[in-house]
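A.B. asks: For reference, the structure I am asking about is given below.
The values are calculated or read from the model by the stated rules, or taken from the named source; none is laboratory data. In this text the structure is predicted, and so the values were computed from the model without any measurement. Methodologically, a virtual Cβ is constructed for each residue, glycine included, from the backbone with ideal geometry; neighbour enumeration extends over all protein chains shown. When the accessible area is computed, the model is the full protein with side chains, heavy atoms only, and any ligands, DNA or RNA have been set aside. Shrake-Rupley method; radii C 1.70, N 1.55, O 1.52, S 1.80 Å.
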Amino acid sequence: MPVTQANQVTPAQRLENVRYAIRDLACVADEVIQQGHKVLPLNVGDPLNFDFQTPPHIIEAAYKAMRDGKNGYAPSPGIPEALEAIRGEAARKGITTVQDVFVTSGVSETVDLCISALVNPGEDILTPKPDYPLYSAVLCKLGIALNPYDLNEDDAWQPELADIERKRTPRTRAIVLINPNNPTGSLCSRQMLEQIAEIARRHNLVVFADEIYDKLILPDSNGNITPHIAFASVAPDVPCITFGGMSKNYLVPGWRIGWGIVSGDAAALKPYTEGIHRLLRARLCANHPEQYAIKPALEGPQDHLIEVQRKLRSRRDLTQKWCESTPRISCVAPRGAFYAFPRIDIPESDEIFVKELIRQKHVMVVHGSGFGQKPGTQHFRIVFLPDEKTLTKAYAGIAEFIRERYGNA
Ligand SMILES: Cc1ncc(COP(=O)(O)O)c(C=O)c1O
């Protein structure tokens, strides 16, 4: 083969700000694994990596669909029986003004598609800070400047309404609300949803209500469970797309099945919905056979959720106790999903903390700066999906690392 001087193939400049800290840390973990160590993974929100099992009837439904030859392209918006089941789910969530529903390859695709169909260059959308990094990645990809609003740690990580008002401009088109929240595990009160609705009404904003964790609700400190409140149920008039999916509630993240529920005023939403459908057609369809599991999942037995919630409660309690008894750590108790976002008082960046923790104690968490946080604060995100024995071992390693590196201030 002739030897030539190969020109570097440079990626697009718009990718410069794309960060996905959760997976970026994998390089550090690989170093440790190559040295022969086992890494305790408290970093990826995949229940199937731990002692959670997909309900068998859901697997059966997808398997049957494959055997029955449902292996071609599906209709672009999704198969009719899945769409009907999602409308049923919307009704159970109390959403009364549904204008449209569609199936996507995971909520990841819903996010990409709904933002792409709405926002022009020069416009923006308000995203929470800290956020789930996909939102900023999609915005970077589209060349749209980030406009993050703060979640207030002193108010159980609720959206900071004054900051939303401050950050909104006449070019702001939408606001993202992740509830229950990743990475903080917080849950919005009805009053908070009403106040956000009021801002959306006043400024003609679309609300993207990411409710992918809506069935994973944890009890408060008195042991009471407040059921999840769908944003669209308290604001039927506000243009809203509720994001939902199978990954977390039904324990099939690898299937890549999500959906959008469009609600609000029919006439106001028509052009936007048509735009979404243009993109849905352009990407042909979501995974086909797996769509046959949507109806059995949403309408069939929900028994697995009892077991999932029992495990999550016990692991959340263990995590919270550890946070409360460990020097330099404080944490707002998670009320949903399977994440805790403790604050840590250390004299160096949380990114160094996390990387050194992997190297020295082989425990993997994600640094708060990977999600965005208020300047001057440091955090890390824990995924408390592993069993109690694994969590106890990991937490002992983190406490030891803090003591050795920083002392018990
Ligand atoms: C808040 C949030 N939204 C969306 C997603 C993406 O979900 P999916 O697996 O359906 O693409 C995740 C995944 O962790 C998430 O935490």
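A.B. asks: Pick out the one residue from A333, A297 that is within 22 Å of D131 (Cβ to Cβ) and either touching a helix residue (DSSP H, G or I) at 6+ places or on another chain (Cβ under 8 Å) or outside any helix (DSSP H, G or I) (or both).
C.D. replies: Just one listed residue meets the conditions, A333.
A.B. asks: Criterion first (modelled with pLDDT of 95 or more, buried (at least 24 other Cβ atoms within 10 Å of the Cβ) and away from the ligand (no atom under 12 Å from the Cβ)) does I241 satisfy it?
C.D. replies: Judged against the criteria, I241 is a match.
A.B. asks: For the range 101-158, which residues satisfy the criterion of being under 16 Å from the mean Cα position of the chain (by Cα), within 29 Å of G88 (Cβ to Cβ) and open to solvent by 20 Å² or more (accessible area, probe 1.4 Å)?
C.D. replies: The answer is S105, S108, E109, D112, Y132, L134.
A.B. asks: To continue, here is another question. Of all residues being of a type in the set (S, T, N, Q) and closer than 16 Å to R19 by Cβ in the range 116-143, which is modelled with the highest pLDDT? Just the residue, please.
C.D. replies: Here is the first cut: in the range 116-143, the ones of a type in the set (S, T, N, Q) are 116, 120, 127, 136.
Checking which are closer than 16 Å to R19 by Cβ leaves us with 127, 136.
Values: T127: 98, S136: 92.
Top of the filtered list is T127.
A.B. asks: Right, E400: open to solvent by 50 Å² or more (accessible area, probe 1.4 Å), in a helix (DSSP H, G or I), at pLDDT 95 or above and touching a Cys at 6+ places or on another chain (Cβ under 8 Å) or not?
C.D. replies: So E400 does not fit the description; no.
A.B. asks: Next up: Of the residues that sit in the range 109-161 and are under 23 Å from D350 (Cβ atoms) and among the small types (G, A, S), which one is farthest from the ligand (Cβ to nearest atom)?
C.D. replies: Per the criteria, the residue is A156.
A.B. asks: For the range 39-123, which helices (runs of 4 or more DSSP H) that fit wholly inside it have 1 or more residues that are more than 17 Å from L251 (Cα to Cα) and hydroxyl-bearing (S, T, Y)?
C.D. replies: It comes to 106-116.
A.B. asks: Could I ask something else about it? Please find, within the range 224-238, the residue that is nearest to the ligand (Cβ to nearest atom) out of those that are under 21 Å from the mean Cα position of the chain (by Cα) and closer than 10 Å to T97 by Cα.
C.D. replies: Only one residue fits best here, namely A232.
A.B. asks: Say whether the condition of being under 22 Å from G368 (Cβ atoms), of a type in the set (F, W, Y) and in contact with a Lys or Arg (Cβ under 6 Å, 6 or more places away or on another chain) is met by at least one residue in the range 144-159.
C.D. replies: Yes.
A.B. asks: Among the numbered criteria (1) touching a residue at least 40 places away in the same chain (Cβ under 8 Å); (2) out of contact with any helix residue (DSSP H, G or I) (no Cβ under 6 Å at 6 or more places or on another chain); (3) assigned to a loop (DSSP other than H, G, I, E, B); (4) closer than 27 Å to G372 by Cβ, which single criterion is violated by P11?
C.D. replies: So P11 meets the others, but not (1).
A.B. asks: List the pairs whose first member sits in the range 390-409 and is within 18 Å of S349 (Cβ to Cβ), whose second member is of a type in the set (S, T, N, Q) and open to solvent by less than 30 Å² (accessible area, probe 1.4 Å), and whose Cβ atoms are under 8 Å apart, counting only residues at least 6 apart or on separate chains?
C.D. replies: Pairs that qualify, where the first residue is within 18 Å of S349 (Cβ to Cβ) and the partner is of a type in the set (S, T, N, Q) and open to solvent by less than 30 Å² (accessible area, probe 1.4 Å), are I398/T326; I402/T326.
A.B. asks: Would you mind stating whether K93 is modelled with pLDDT of 95 or more, more than 14 Å from the ligand (Cβ to nearest atom), touching a Phe, Trp or Tyr at 6+ places or on another chain (Cβ under 6 Å) and open to solvent by 10 Å² or more (accessible area, probe 1.4 Å)?
C.D. replies: Values: modelled with pLDDT of 95 or more: yes; more than 14 Å from the ligand (Cβ to nearest atom): yes; touching a Phe, Trp or Tyr at 6+ places or on another chain (Cβ under 6 Å): no; open to solvent by 10 Å² or more (accessible area, probe 1.4 Å): yes.
When the stated conditions are applied, K93 does not pass them.
A.B. asks: Separate question: Can you pull out every residue in the range 210-224 that is open to solvent by 70 Å² or more (accessible area, probe 1.4 Å) and within 14 Å of G185 (Cβ to Cβ)? I'd like the intermediate steps shown before the answer.
C.D. replies: Narrowing the range 210-224 to residues open to solvent by 70 Å² or more (accessible area, probe 1.4 Å): 221-222, 224.
Passing the criteria: only S221.
A.B. asks: Same structure again: Testing S76 on (1) open to solvent by 40 Å² or more (accessible area, probe 1.4 Å); (2) under 30 Å from P271 (Cα atoms); (3) of a type in the set (S, T, N, Q), one condition comes back false. Which one is that?
C.D. replies: Here S76 meets the rest and fails (1).
A.B. asks: For F208, which of the numbered conditions (1) within 12 Å of the ligand (Cβ to nearest atom); (2) within 26 Å of R343 (Cα to Cα) fails to hold?
C.D. replies: So the condition that F208 fails would be (2).
A.B. asks: Something else now. For the range 341-355, check the following and say yes or no: at least one residue is open to solvent by 40 Å² or more (accessible area, probe 1.4 Å), touching a strand residue (DSSP E or B) at 6+ places or on another chain (Cβ under 7 Å) and assigned to a helix (DSSP H, G or I). Lay out the reasoning, then the answer.
C.D. replies: Of all residues in the range 341-355, those open to solvent by 40 Å² or more (accessible area, probe 1.4 Å) come to 343, 345, 347-349, 351-352, 355.
With touching a strand residue (DSSP E or B) at 6+ places or on another chain (Cβ under 7 Å) added as a condition, the list becomes 343, 351.
Those still in the list that are assigned to a helix (DSSP H, G or I) too: 351.
The answer is yes, given that some residue of the range 341-355 is open to solvent by 40 Å² or more (accessible area, probe 1.4 Å), touching a strand residue (DSSP E or B) at 6+ places or on another chain (Cβ under 7 Å) and assigned to a helix (DSSP H, G or I).
Each row is one residue, and each column tells you yes or no for (1) over 23 Å from V383 (Cβ atoms); (2) touching a Ser or Thr at 6+ places or on another chain (Cβ under 9 Å).
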| position | (1), (2) |
| --- | --- |
| V9 | yes, no |
| V28 | no, no |
| Q35 | yes, no |
| L40 | no, yes |
| N49 | no, no |
| Q53 | no, no |
| A61 | yes, no |
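A.B. asks: Cβ-Cβ under 6 Å, sequence separation 6+ or interchain: first residue in the range 292-314 and over 30 Å from G69 (Cβ atoms), partner open to solvent by 20 Å² or more (accessible area, probe 1.4 Å) and among the charged types (D, E, K, R). Which pairs?
C.D. replies: Within 6 Å, the pairs are L305/K215.
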